[in-house]
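The values are calculated or read from the model by the stated rules, or taken from the named source; none is laboratory data. None of these values were measured; they are calculated from a predicted model. Methodologically, a virtual Cβ is constructed for each residue, glycine included, from the backbone with ideal geometry; neighbour enumeration extends over all protein chains shown. Note: accessible area is taken over every heavy atom of the protein model, side chains too, but ligands, DNA and RNA are not part of it. Shrake-Rupley method; radii C 1.70, N 1.55, O 1.52, S 1.80 Å.
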Amino acid sequence: MANFSGSLEEFLDALECQAQANKHRSIIFIDAINEGRGIYIWPKSLHSLIDAIRRYKWVGLALSIRTSYSEMMLPWEEYPYEHYVRARHYGFGAQFMEAVNLYFRNYGIAFPQVPLLSPEFQNPLFLRLFCEGIRRNGYSSIPEGHQGFSSVMELFLDGVEKSLREKKKYASIIKVLPQAIAKFVRYAVENKRHEMPLDAAIIEFEDICPKSFGDGELVELLISEGVFAKNVFYDKHENWLECIYLSYERFENTLFAEYLLKFFDNDSLVDFLLSKDLRMHQSGLFEALAILLPERKGIELYELFQEIEGAYMIPASIMKSLLWRKENTINDHLVSYFEGSINNGRVYSLFLEILLQISFMPHNKFNGDYLHKHMLSMKLADRDAIWVPFLCKQYGNYNPYVKDLISWAWKERSSTCISDASVLPGVTAMSWLLASTNRELRDTATKGIISLLSNRLHLIVPLLERFKTVDDPYILERLFAICFGCVIRSKDIENIKDISLYIYEHVFNVQGDVYPHILLRDYARETIEYAIKLGIELSIDDNKIRPPYKSSFDYEIVPDSVIKGMMDSYDGKHDKSPGLSDIITSMGTEHSKVFSYGDFGRYTFQSALSHWKISPEALSNIAVMMIIEKYGYDEQKHGSFDSNIGSGRGRGT
């Protein structure tokens, strides 16, 4: 097109003919119409271009524009939905791990030893800045000690400084970038705003190494290097004003926080942050301070804001900081603080979310080992009241982190770059996903853990040992399924032998009954049978691993009157006890004398017992009482969740 000398009409005629011949529309793509002088050129000429293209059936037009410019350049009243299709791009989304792998490979960076599950890596801009910072500083992997966000930012800014020095040949003793950023941040803080007018920036920066940079050149270079971005904002007179701002919001928050910590004492800082006219993004600034305060001053954010200790923003900011803090700033004081903050349901939900995101960080005090201790300290009924609804939201449309974690695990089956020190706490945390009532989540998590452990059989016994006292049959069943799945994918004879002997001693060679779960027994038996088939010498009593297991059944018969009494206790009204009502009615068998049959009771429960000479009605009553007495079902704890997720084929789990 650069060599085309004809008119626009001739150009479009040529495109139309070519498109018709190929039987595919020709699309003209114009990227970033807001960049450079585009904000002045396109508003005047875009209508005529669109009118010209609209006459051609086989030619289309696609434009890209920064969202914040669209109101100025493409106002709704001039470009309505009836004539134009608008779409918003949301970054990498669920494909961010593929993007991380692609970027690291193209930048020549070794894959990290922990999964990069922070939501920041879903942002294309952050991922680019992260990779460029590493490459520009001559690294081929993430440097040791750069787990903190301030270190990541410094790495990028150091790389930009080196790039500027190479282009403009100024002395190494001169630091251009810190001066420019300091001027920008001082202006922004003093004026309590994010942005700085472009004209003001050119004037402010003109005394920075003037022998090397011409008028406005430093501003343009810092924009091209990705430190600043250009955008348009309304001024106080409601006129459009072109400004610069730090291109990545978390960098901005961190730099502002550093400025505040340097020039404000604690009292002044608190007054500034609580001022009503603060235009900055408060939550981001609080998160940055939660990271930097321990690094710079050795204190926590909650120590500054004791008078609003119960507010959500303070504990939330500190919890989110766990993703980016330097690990040597995370201590036992935080454990005590968090334990005192999670009485708030919203705070607790965020806390659990963060724990999953950092579960694979081997040296973080709040990794998967902490989540395990926290969950194991609760009884099944109490844990289910909190954890199961949380997982339901996380695995639904609420948040992508659980799905991202599992998706990453599925793709790591042959990876050896993730260290054992990361994998063990990580799969420990993932094992708690197996408690979910959502079968799809249990299935995908099971397969994800198998992917991570198939080449790491030496971690299976330590994982089983961690859960040997857990009171949740869902988890135990799936752990032995994972064990079997890993063993049959491996030829690691030594570890297969160790796993088989562990299972034999803890499942079959026990005093009393073999664990009363038919699937768990089968997974455990099949694992040992596979070892025997491979010719591994186990020196065990084979008869103990094979049925029948002669289990006792010492449950007392529950009369119909007891079950009926439960129904009568809430007058048969579902809204008084929705969870228990659903359990009892769903467990009704075909010939129940208490109430009519339920689909589960007749077609699943009773059908599974059809080959035995037993009373399904009697067993149904026993099962209801087990749910209440053995497993601790409580209407106050569990009823609301059960009623909200629906029933039968209509329920989401």
(message) Being under 25 Å from residue 632 (Cα atoms) and either of a type in the set (A, V, I, L, M) or open to solvent by 50 Å² or more (accessible area, probe 1.4 Å) (or both) narrows it down to one residue among 475, 449, 488; which is it?
(response) 475
(request) For residue 65, indicate whether it is among the β-branched types (Val, Ile, Thr) and surrounded by fewer than 16 Cβ atoms within 10 Å (Cβ to Cβ). (result) no
(message) Just the residues that are farther than 18 Å from residue 523 by Cβ and among the hydroxyl-bearing types (Ser, Thr, Tyr), please, taken from the stretch 541-561.
(response) 552, 555, 561
(request) Could you please let me know if residue 199 is assigned to a helix (DSSP H, G or I), farther than 26 Å from residue 285 by Cα and modelled with pLDDT of 85 or more? (result) yes
(request) Filter the stretch 584-630 down to residues that are polar (S, T, N, Q) and part of a helix (DSSP H, G or I) and give me whichever is surrounded by the most Cβ atoms within 10 Å (Cβ to Cβ). (result) 620
(request) From 206, 252, 217, 258, grab the single residue that is surrounded by 14 or more Cβ atoms within 10 Å (Cβ to Cβ) and closer than 23 Å to residue 67 by Cβ. (result) 252
(request) Starting from the stretch 608-627, take each residue that is over 17 Å from residue 518 (Cα atoms) and among the charged types (D, E, K, R) and list its partners that are open to solvent by 50 Å² or more (accessible area, probe 1.4 Å) and in a loop (DSSP other than H, G, I, E, B), counting only C-beta distances under 7 angstrom and pairs at least six apart or across chains. (result) 617/591
(message) Could you tell me how many of the residues in the stretch 290-326 are of a type in the set (D, E, K, R) and either crowded, with 18+ Cβ neighbours inside 10 Å or more than 26 Å from residue 154 (Cβ to Cβ) (or both)?
(response) 5
(request) Go through 161, 190, 132 for me and flag whichever is part of a helix (DSSP H, G or I) and open to solvent by 50 Å² or more (accessible area, probe 1.4 Å). (result) 190
(request) Only one of these is more than 18 Å from residue 619 (Cβ to Cβ), hydroxyl-bearing (Ser, Thr, Tyr) and at pLDDT 90 or above: 539, 581. Name it. (result) 539
(message) I need the full set of residues from the stretch 427-467 which are outside any helix (DSSP H, G or I) and of a type in the set (Phe, Trp, Tyr), in order please.
(response) 467
(request) Search the stretch 390-404 for residues that are open to solvent by 50 Å² or more (accessible area, probe 1.4 Å) and pair each with any residue that is at pLDDT below 70 and not in a helix (DSSP H, G or I) when their beta-carbon atoms are under 9 Å apart and the residues are at least 6 apart or on different chains. (result) 393/399
(message) Just checking, does the stretch 335-354 include any residue being among the hydrophobic types (A, V, I, L, M, F, W, C), open to solvent by less than 20 Å² (accessible area, probe 1.4 Å), over 19 Å from the mean Cα position of the chain (by Cα) and under 20 Å from residue 266 (Cβ atoms)?
(response) no
(message) Pairs please, first residue from the stretch 44-60 and more than 14 Å from residue 78 (Cβ to Cβ), second anywhere and polar (S, T, N, Q) and surrounded by 10 or more Cβ atoms within 10 Å (Cβ to Cβ), Cβ atoms under 8 Å, 6+ apart in sequence or on different chains.
(response) 58/20; 58/26; 59/26; 60/26
(request) Scan the stretch 311-354 residue by residue and report those that are among the charged types (D, E, K, R) and in contact with a helix residue (DSSP H, G or I) (Cβ under 7 Å, 6 or more places away or on another chain). (result) 320, 325, 326, 353
(request) Read through the list (1) under 21 Å from residue 170 (Cα atoms); (2) within 37 Å of the chain's Cα centre (by Cα), then give the number of the only condition that residue 204 fails. (result) (2)
(message) Name the single residue that is surrounded by the most Cβ atoms within 10 Å (Cβ to Cβ) among those in the stretch 509-522 being in a helix (DSSP H, G or I), free of Cβ contacts under 8 Å to residues at least 40 places away in the same chain and not basic (Lys, Arg).
(response) 522
(request) From (1) open to solvent by 10 Å² or more (accessible area, probe 1.4 Å); (2) of a type in the set (A, V, I, L, M, F, W, C); (3) over 18 Å from the mean Cα position of the chain (by Cα), pick out the condition that doesn't hold for residue 375. (result) (1)
(message) What pairs come out if I take residues in the stretch 546-571 that are touching a residue at least 60 places away in the same chain (Cβ under 8 Å) and open to solvent by less than 40 Å² (accessible area, probe 1.4 Å) and pair them with residues that are among the aliphatic types (A, V, I, L, M) and assigned to a loop (DSSP other than H, G, I, E, B) whose C-beta lies under 7 Å away, six or more apart or interchain?
(response) 563/594
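Every residue, every condition in (1) under 30 Å from residue 315 (Cβ atoms); (2) in contact with a Gly (Cβ under 7 Å, 6 or more places away or on another chain); (3) assigned to a helix (DSSP H, G or I); (4) without any contact (Cβ under 8 Å) to a residue 12 or more places away in the chain, yes or no:
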| site | (1), (2), (3), (4) |
| --- | --- |
| 212 | no, no, no, no |
| 229 | no, no, no, no |
| 233 | no, no, no, no |
| 244 | no, no, no, no |
| 271 | yes, no, yes, yes |
| 285 | yes, no, yes, no |
| 290 | yes, no, yes, no |
(request) Scan the stretch 22-43 for residues that are at pLDDT 85 or above, of a type outside the set (Ser, Thr, Tyr), open to solvent by less than 80 Å² (accessible area, probe 1.4 Å) and more than 20 Å from residue 78 (Cβ to Cβ) and report the count. (result) 1
(request) Evaluate the stretch 168-180: report whether one residue or more is open to solvent by less than 40 Å² (accessible area, probe 1.4 Å), over 15 Å from residue 251 (Cβ atoms), out of contact with any strand residue (DSSP E or B) (no Cβ under 8 Å at 6 or more places or on another chain) and hydrophobic (A, V, I, L, M, F, W, C). (result) yes
(request) Among the candidates 499, 503, 493, single out the residue that is aliphatic (A, V, I, L, M), over 30 Å from residue 392 (Cα atoms) and open to solvent by 60 Å² or more (accessible area, probe 1.4 Å). (result) 493
(message) Given the criterion at pLDDT 75 or above, acidic (Asp, Glu) and open to solvent by less than 50 Å² (accessible area, probe 1.4 Å), identify the matching residue among 98, 16, 78, 9.
(response) 16
